[in-house]
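The values are calculated or read from the model by the stated rules, or taken from the named source; none is laboratory data. Since this is a predicted model, take the numbers as computed values, not measurements. Here the Cβ positions follow ideal geometry from the backbone for every residue, glycine too, while neighbour counts run over all protein chains shown. For the accessible areas, the whole protein counts, side chains as well, though only heavy atoms, and no ligand, DNA or RNA atoms are used. Shrake-Rupley method; radii C 1.70, N 1.55, O 1.52, S 1.80 Å.
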Amino acid sequence: MSSLEDQLEKKPKSFNVFVLIFCLIILSAILTYIVPAGQFDRVEVDGRSVIQADSFQYIDTKPLGLLDIFSSVHTGMVNGASTIFFVLIIGGTFGVFAATGALDAFIAMISRKMANREKLLIPILMLFFAVAGSLMGMSDEIIVYIAILVPLTIALGFDAMTGFAMVTIGASVGFTSAVMNPFTVGIAQGIAELPTFSGMGFRIVLFIVLYLAAAIYVYRYASKVKKDPSIGIYGKYKQGEVKAGTNSDEKMTTSHKLVLIAFLISYIVLIFGVTKYGWYITEIAGLFFLFAIIMGVLGKLSPSSIADNFIIGAKDLLGGAMIIGLAQAILVIFNTAGLMDTLLYHASNLLGNVPGTFSAVGMFILQLILNFFVPSGSGQAALTMPLMAPLSDMIGVTRQTAVLAYQFGDGISKALFPTGNIIAALAVGGISYGKWVKWFLPFFILQFVIAIIALIIAQLIQYGPF
């Protein structure tokens, strides 16, 4: 079997997201010569800026010069610095957490304990990955666990698709429900001026619904394969060629247990700080930075190793952080040239003639389409929420519902669109993209329906606080 690096090298080349966003920057600059500038009056309501819907007026056009276009990139990076460094610090923390080996040991322990109860392994491990996706934004990191669990599930009498789906769909539904995902809901709510992680109760219900749907979907398929292995999808593997216990011999040490306890405590403190003291990304970043050091010490890493792995973790998220800055450059151009309010005016006229529930669904579909081009959750939040938040005020959709539409549009498409990391994950699992799409599409449609129902309910109950 080839190494993980060799498998990753097989990833088909696709267009670069940075190139796409730079093209959008150029297009935005061109629009300053075409689209007339406009302006709404804004007022402060409960500490947030709200547009006065009937105050729009056209103003003098302010087209950008050549240097202004390139200067907007730096200005965008500066404007997005708070979010950019938040993402890097969170990434660094998870880098230290991963380096302790506690997560790998925990998965290996569960796999060993459930070796004679194979089917129970599916909902238990899927719950673990769903929680990780919902609390710590696990997404790209799934590649490592695919390499572990695909051979294991084949050895236990299932197939490669079962192991791949346990990790991918488990993490995906957690990422989508985003109970406390700092990379999506945390950033989007900040841009929308909502209290950090507000509306958590509704998202917990969504987590339960999506997790149960995912676990049942994978469990039913795995049961069919167990009965008739000939219908399984084994990819680059052959049926029965993997020996039981593959990659599952790592021991859970006292050090690993302490690291996991510290990680759990960090989220308890986070929930307390957010709900009791209104912590925002500065305090949350500080908390994670503190626990990165604590987990590193408990994991018996040297000071240099803690620093090195913090840098490695931050480096892994540098691309996403840079996308946030580039997305901000587009907003700089739109705001400087007075185009943002013109777009809001026409978008509100377009969506204002339909009920708010359907407007929320329209926002969701728009976010879903945009995720094909901007697969970074934090980058998409930075790009779209400055437009969606004030637009929601104008068309009668709560800002919390607008954030929900964003997280659905971003989340449910990650496991489908080839512009994200699903191609690399499939390469590691040895499964073709075509077979994956055919297998996954029914569940994608199910999530799509759940998203629409949830958005309609959210608007009917005026999901808030506002």
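Assuming residue 445 fulfils every condition listed in (1) crowded, with 24+ Cβ neighbours inside 10 Å; (2) of a type in the set (Val, Ile, Thr); (3) without any contact (Cβ under 8 Å) to a residue 24 or more places away in the chain apart from one, which condition is it?
Among (1) crowded, with 24+ Cβ neighbours inside 10 Å; (2) of a type in the set (Val, Ile, Thr); (3) without any contact (Cβ under 8 Å) to a residue 24 or more places away in the chain, the lone unmet condition for residue 445 is (1).
Would you mind stating whether residue 411 is of a type outside the set (A, V, I, L, M) and either in contact with a Lys or Arg (Cβ under 6 Å, 6 or more places away or on another chain) or over 26 Å from residue 84 (Cβ atoms) (or both)?
Working: of a type outside the set (A, V, I, L, M): yes; either in contact with a Lys or Arg (Cβ under 6 Å, 6 or more places away or on another chain) or over 26 Å from residue 84 (Cβ atoms) (or both): no.
For residue 411, the condition - of a type outside the set (A, V, I, L, M) and either in contact with a Lys or Arg (Cβ under 6 Å, 6 or more places away or on another chain) or over 26 Å from residue 84 (Cβ atoms) (or both) - is not met.
If you take the residues in segment 40-78 that are among the polar types (S, T, N, Q) and at pLDDT below 85, which one is surrounded by the most Cβ atoms within 10 Å (Cβ to Cβ)? Steps first, please.
To start, the set of residues in segment 40-78 that are among the polar types (S, T, N, Q) comprises 49, 52, 55, 57, 61, 71-72, 75.
From what is left, the residues that are at pLDDT below 85 are 49, 52, 55, 61.
Details: 49: 12, 52: 12, 55: 12, 61: 15.
Only one residue fits best here, namely 61.
Looking at (1) over 26 Å from the mean Cα position of the chain (by Cα); (2) in a helix (DSSP H, G or I); (3) not hydroxyl-bearing (Ser, Thr, Tyr), which is the one condition that is false for residue 301?
The one condition residue 301 does not meet is (2).
Just wondering, is there one or more residues in segment 332-351 that are over 15 Å from residue 390 (Cα atoms), open to solvent by less than 10 Å² (accessible area, probe 1.4 Å) and β-branched (Val, Ile, Thr)?
Looking for residues that are over 15 Å from residue 390 (Cα atoms), open to solvent by less than 10 Å² (accessible area, probe 1.4 Å) and β-branched (Val, Ile, Thr), one finds at least one in segment 332-351, hence yes.
Return yes or no: is residue 417 in contact (Cβ under 8 Å) with a residue 40 or more places away in the chain, within 19 Å of residue 368 (Cβ to Cβ), among the aromatic types (Phe, Trp, Tyr) and surrounded by 24 or more Cβ atoms within 10 Å (Cβ to Cβ)?
Details: in contact (Cβ under 8 Å) with a residue 40 or more places away in the chain: yes; within 19 Å of residue 368 (Cβ to Cβ): yes; among the aromatic types (Phe, Trp, Tyr): yes; surrounded by 24 or more Cβ atoms within 10 Å (Cβ to Cβ): no.
The answer is no for residue 417.
Output yes when any residue across segment 14-29 is modelled with pLDDT under 90 and in contact with a Gly (Cβ under 6 Å, 6 or more places away or on another chain), and no when none is.
No: zero hits.
Could you check, for segment 399-407, whether at least one of its residues is crowded, with 24+ Cβ neighbours inside 10 Å, of a type in the set (Lys, Arg) and at pLDDT 75 or above?
Yes; the residues of segment 399-407 include at least one that is crowded, with 24+ Cβ neighbours inside 10 Å, of a type in the set (Lys, Arg) and at pLDDT 75 or above.
Which condition does residue 457 not pass, out of (1) buried (at least 24 other Cβ atoms within 10 Å of the Cβ); (2) more than 29 Å from residue 335 (Cβ to Cβ), if it passes all the others?
Condition (1) is where residue 457 drops out.
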